[in-house]
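Note sheet for the following structure.
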Amino acid sequence: MTIDEIYEVIANGVVACLSTEVWDKAVLYVQGDNTYVETTGIYECKGKTFNLNTHNIDTEVSFALMELHEITTAENSNQWNRATFTIFHDGNFNMEFQWDQELADEINSLS
């Protein structure tokens with residue numbers, strides 16, 4: 001998949017998890033790498049915040065996130081183990097990546 005196709009899969013998966021058709025923005029919080037992904041999220045509607053039921057997120061989204069990690073961190077560039085995907089009702093979206101050393105240390109201690 002291309003990065004654009006990956007973002008489309010993520011966006012469609014997030015929107016499919018919404019329990020309403022009326023919403024302002026949805027945020028998917030991601031932690032993981034190219035071997036595993038954990039997600040949580042929220043969405044906002046008319047000034048109120050609700051939990052996003054990520055337990056029902058399509059497995060295709062998880063695979064897309066792992067593929068995105070593999071592509072964006074190739075050759076040890078742009079390392080990240082946390083990301084935030086924000087999509088707005090008008091279809092615009094943003095994705096931010098960050099490195100959490102404490103999370104990396106925790107994962108390394110378990111392996």
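The values are calculated or read from the model by the stated rules, or taken from the named source; none is laboratory data. This structure is a prediction, so every number in the text was calculated from the model and none was measured. With ideal geometry, Cβ positions are generated from the backbone for all residues, glycine too; neighbour counts draw on all protein chains shown.
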Matching residues in region 46-62 - criterion: being surrounded by 15 or more Cβ atoms within 10 Å (Cβ to Cβ) and farther than 14 Å from Ile10 by Cα: Phe50
Hits in region 6-35 - residues which are over 14 Å from the mean Cα position of the chain (by Cα) and of a type in the set (A, V, I, L, M, F, W, C): Leu18, Val22, Trp23
Residue count for region 12-48, restricted to those that are free of Cβ contacts under 8 Å to residues at least 40 places away in the same chain, in contact with a strand residue (DSSP E or B) (Cβ under 8 Å, 6 or more places away or on another chain) and assigned to a strand (DSSP E or B): 8
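Take Glu38 and tell me if it is under 11 Å from the mean Cα position of the chain (by Cα) and among the acidic types (Asp, Glu). It would help to see each step written out before you state the result.
Details: under 11 Å from the mean Cα position of the chain (by Cα): yes; among the acidic types (Asp, Glu): yes.
Yes, satisfied.
Could we say that Thr49 is in contact with a Phe, Trp or Tyr (Cβ under 8 Å, 6 or more places away or on another chain) and among the β-branched types (Val, Ile, Thr) here? Spell out the reasoning first.
Details: in contact with a Phe, Trp or Tyr (Cβ under 8 Å, 6 or more places away or on another chain): yes; among the β-branched types (Val, Ile, Thr): yes.
Yes, satisfied.
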Residue in region 63-100 that is surrounded by the fewest Cβ atoms within 10 Å (Cβ to Cβ), counting only those that are at pLDDT below 95 and among the hydroxyl-bearing types (Ser, Thr, Tyr): Ser77
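Do we find a residue being closer than 15 Å to Met95 by Cβ and at pLDDT 95 or above anywhere in region 44-62? So that I can check it myself, show each step before the final result.
As a first pass, look at region 44-62 and keep what is closer than 15 Å to Met95 by Cβ: 61.
Cutting the leftovers down to at pLDDT 95 or above gives us 61.
Among the residues of region 44-62, at least one is closer than 15 Å to Met95 by Cβ and at pLDDT 95 or above, which makes the answer yes.
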Every residue from region 1-39 that is among the hydroxyl-bearing types (Ser, Thr, Tyr), under 19 Å from Phe88 (Cβ atoms) and loosely packed, with under 15 Cβ neighbours inside 10 Å: Ser19, Thr20
Residue in region 76-93 that is in a helix (DSSP H, G or I), free of Cβ contacts under 8 Å to residues at least 24 places away in the same chain and more than 23 Å from Asp4 (Cβ to Cβ) present: yes
Only listed residue being in contact with an Asp or Glu (Cβ under 6 Å, 6 or more places away or on another chain) and not small (Gly, Ala, Ser), chosen from His55, His69: His69
Residue under evaluation Ala104, criteria (1) over 13 Å from the mean Cα position of the chain (by Cα); (2) loosely packed, with under 10 Cβ neighbours inside 10 Å; (3) at negative phi, criterion not met: (2)
